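The values are calculated or read from the model by the stated rules, or taken from the named source; none is laboratory data. The model shown is predicted, which means the values in this text are computed figures rather than measured ones. No Cβ is skipped: glycine too gets one built from the backbone with ideal geometry, and neighbour counts run over all protein chains shown.
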């Protein structure tokens, strides 16, 4: 049977439907919002003997959804784009905390965009679809989840804005949450205040509650049986025994000053405990008991570490590395770190370190993105690399993983609102952040290093952008907000809240919650504490380099911009591209011509660029009466000679204007190929009128 439901969100009907298509999936829902349709399915397999929950999320935008044929040779969809990967991560981050601890069945969520219009962006619908599909499927996903996008323009919050609205919006905020609280936030903004963010979160939660009510109605109609999942059994007596015996050792281990020392000490504690409590593991014949013992041991060690750290924070205001709750780790920053890249910086915050390098390119080196709705060009690119040595590991290095793509795009979104317009900065600009060390919030270190490197490259950013990661620990009715969290504090805490921005406002946000959610009071305190930390970091960055370099690197290409009239584009290109190819071949420069008549010239050195600029100007100049030109005789006739004074522009020197005496034959004075000086006497319907006599006379007078 087909079950449907509908509700109005943002002035449009949001409709859910299940039971008609994709019926062999364990859970499937079709969501329609305007003309945008997303199908989300959930599949579940048997439990895996893995130390983690094997959840995978896929999000795909099919080009037929927008009535397009894919570009490229094969004419079909290929690997997911960066946008699709980030959209999949949005859904993953929203739904993962809802699953209960100990659930190890393999779960796959697939969202497919079947129809799309620019008025209704599809990726937020994937989060809602995943919630419904998982509740229908045989999973212990029993807490519905809603999601909306918020924009902000002219002092008004906009629910689920269209693509066109987002282009003019100061805020692009995606929020997911349960009925009780917000659980996930992703935002890019144009220096908005904390107050605007808080109001947007409140408004988003109101809409989320409405969506969840519809989800409950739809799932109730389906009458699916509840999941038979039973939490794994543990030996509680053994757990308490291990925690009591090892508490002092763990306290000594977790409060050592460096990550390396802590890891070594914790490994030693675990090894000692294994020898004491798991020494007889191989002798046990009952596999169920063996699994229970192993599981209980692992839980005891992890719980003990979490208890030691969390209780120290709540009860003693004491952190792993001895800092105050609102204290930022020691920061150092330097620019011009590398000789050949066009800009570089090294930003170190505690044991997290990012080396950023900037490359400047010509306009033709922009990234072309064939999106669902249109083809766009990307002038600013930020890429993030996370090699295994940054965390002391050894593993195979492949292409960028989803996390690297997501972190790079987040850092990019933090700086993009400050990136100059093409008219002010025609260069294509790429930043690469190499994470050389990592112990907490390497993405926010990337924001800082990228901002410094861009200014070092001479990119005219109006101000610096900095970032900080905030944490949260909640124990009963007590909570503590942590500034600049370590990796262990992220792992053992209840929130990872990344905030990036300038001295004037927030430009990027990302928040993931591991608990049921946080209220406005905690969010407000976290934003305020984060603002204080951002200002401290900005002060250090400004003391290193407070404004863009006045010149660019000697190794960067030189770009020249020239505006020509539209009817001169043909003259510049020439028949079959003859003119523009000649300039490129003679100078080695690159030339890009926009439809509006803007010409970009790129050259590896100033001499080549100047020569190319001169040749382009000559191609597009118009002859002016009274000007003297050096031209080439292109043909001769009985009545005079035709001289090319500008590329593609010929004028006639009448035979009477070749010399100040009577000339019998044109060829007595000039031959084809001769280079002569001529003066433009006027322009008429017949063409350009030239005189060699007048040019010679004026030049003699000047000399």
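Of note:
- Criterion: in contact with a helix residue (DSSP H, G or I) (Cβ under 9 Å, 6 or more places away or on another chain), at pLDDT below 95 and within 30 Å of residue 68 (Cα to Cα) - qualifying residue of 123, 153: 123
- Residue satisfying condition, being assigned to a helix (DSSP H, G or I), in contact (Cβ under 8 Å) with a residue 40 or more places away in the chain and in the same structural domain as residue 162 (by TED's automatic domain parsing), within set 131, 111: 131
- Meets criteria (surrounded by 14 or more Cβ atoms within 10 Å (Cβ to Cβ) and closer than 21 Å to residue 425 by Cα) for residue 555: no
- Some residue of segment 94-106 being at pLDDT 90 or above, more than 29 Å from residue 298 (Cα to Cα) and touching a strand residue (DSSP E or B) at 6+ places or on another chain (Cβ under 8 Å): no
- Criterion violated by residue 120 - all others in (1) surrounded by 17 or more Cβ atoms within 10 Å (Cβ to Cβ); (2) within 21 Å of residue 22 (Cα to Cα) satisfied: (2)
- Flag for residue 666 being farther than 30 Å from residue 423 by Cβ and surrounded by 14 or more Cβ atoms within 10 Å (Cβ to Cβ): yes
- Of residues in segment 496-524 being over 19 Å from the mean Cα position of the chain (by Cα) and crowded, with 21+ Cβ neighbours inside 10 Å, the one nearest to residue 465 (Cα to Cα): 523
- Any hit, segment 640-655, residues being surrounded by fewer than 12 Cβ atoms within 10 Å (Cβ to Cβ), at pLDDT 90 or above and over 56 Å from the mean Cα position of the chain (by Cα): no
- Those residues of segment 472-495 which are touching a residue at least 40 places away in the same chain (Cβ under 8 Å) and either part of a strand (DSSP E or B) or in the same structural domain as residue 256 (by TED's automatic domain parsing) (or both), in sequence order: 472, 473, 474, 475, 478, 479, 480, 481, 482, 483
- Within segment 12-94, strands (runs of 3 or more DSSP E) holding 1 or more residues that are within 25 Å of the chain's Cα centre (by Cα) and either under 30 Å from residue 494 (Cα atoms) or outside the structural domain of residue 376 (by TED's automatic domain parsing) (or both): 36-47, 55-61
To keep it simple, each residue is scored yes or no on (1) buried (at least 20 other Cβ atoms within 10 Å of the Cβ); (2) under 22 Å from residue 443 (Cα atoms); (3) not assigned by TED's automatic domain parsing to the domain that holds residue 113.
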| site | (1), (2), (3) |
| --- | --- |
| 346 | yes, yes, yes |
| 350 | yes, yes, yes |
| 361 | no, no, yes |
| 375 | no, no, yes |
| 393 | no, yes, yes |
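- First in segment 151-164 and under 20 Å from residue 375 (Cα atoms), second anywhere and crowded, with 22+ Cβ neighbours inside 10 Å, Cβ under 8 Å, 6 or more apart: 162/120; 162/121; 163/121
- Residue check for residue 498: within 30 Å of residue 206 (Cβ to Cβ), in contact (Cβ under 8 Å) with a residue 24 or more places away in the chain and assigned to a loop (DSSP other than H, G, I, E, B): no
- Residue among 411, 469 that is buried (at least 20 other Cβ atoms within 10 Å of the Cβ), modelled with pLDDT of 95 or more and in a strand (DSSP E or B): 469
- Leading residue by the ranking (farthest from residue 650 (Cα to Cα)) among those in segment 582-606 that are part of a helix (DSSP H, G or I) and out of contact with any helix residue (DSSP H, G or I) (no Cβ under 9 Å at 6 or more places or on another chain): 606
- Just one residue in the set 171, 218 is assigned by TED's automatic domain parsing to the domain that holds residue 20 and modelled with pLDDT under 95; that residue is 218.
- Tally, over segment 504-519, of residues that are outside any strand (DSSP E or B) and in contact with a helix residue (DSSP H, G or I) (Cβ under 6 Å, 6 or more places away or on another chain): 1
- Segment 682-703 residues that are assigned by TED's automatic domain parsing to the domain that holds residue 644 and on the phi > 0 side of the Ramachandran plot, paired with ones that are at pLDDT 90 or above and surrounded by fewer than 17 Cβ atoms within 10 Å (Cβ to Cβ) (beta carbon under 7 Å, 6 or more apart): 682/625
- Screening residue 609 on (1) modelled with pLDDT under 90; (2) over 30 Å from residue 362 (Cα atoms) shows it passes everything except condition (2).
For every residue, the table says whether it meets (1) out of contact with any strand residue (DSSP E or B) (no Cβ under 8 Å at 6 or more places or on another chain); (2) outside any helix (DSSP H, G or I); (3) outside the structural domain of residue 349 (by TED's automatic domain parsing).
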{"site": "273", "(1), (2), (3)": "yes, no, yes"}
{"site": "291", "(1), (2), (3)": "yes, no, yes"}
{"site": "295", "(1), (2), (3)": "yes, no, yes"}
{"site": "298", "(1), (2), (3)": "yes, no, yes"}
{"site": "305", "(1), (2), (3)": "yes, no, yes"}
{"site": "308", "(1), (2), (3)": "yes, no, yes"}
{"site": "321", "(1), (2), (3)": "yes, yes, yes"}
{"site": "337", "(1), (2), (3)": "no, yes, no"}
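- Sole exception among (1) in a helix (DSSP H, G or I); (2) in contact with a helix residue (DSSP H, G or I) (Cβ under 9 Å, 6 or more places away or on another chain); (3) surrounded by fewer than 18 Cβ atoms within 10 Å (Cβ to Cβ) for residue 698, by number: (2)
- Residues being out of contact with any strand residue (DSSP E or B) (no Cβ under 7 Å at 6 or more places or on another chain), buried (at least 20 other Cβ atoms within 10 Å of the Cβ) and within 29 Å of residue 335 (Cβ to Cβ) - total across segment 472-495: 1
- Here residue 256 meets each of (1) in a loop (DSSP other than H, G, I, E, B); (2) without any contact (Cβ under 8 Å) to a residue 40 or more places away in the chain; (3) more than 40 Å from the chain's Cα centre (by Cα) with one exception, condition (3).
- Of the residues contained in segment 377-389, one or more are found to be farther than 21 Å from residue 509 by Cβ and assigned to a helix (DSSP H, G or I).
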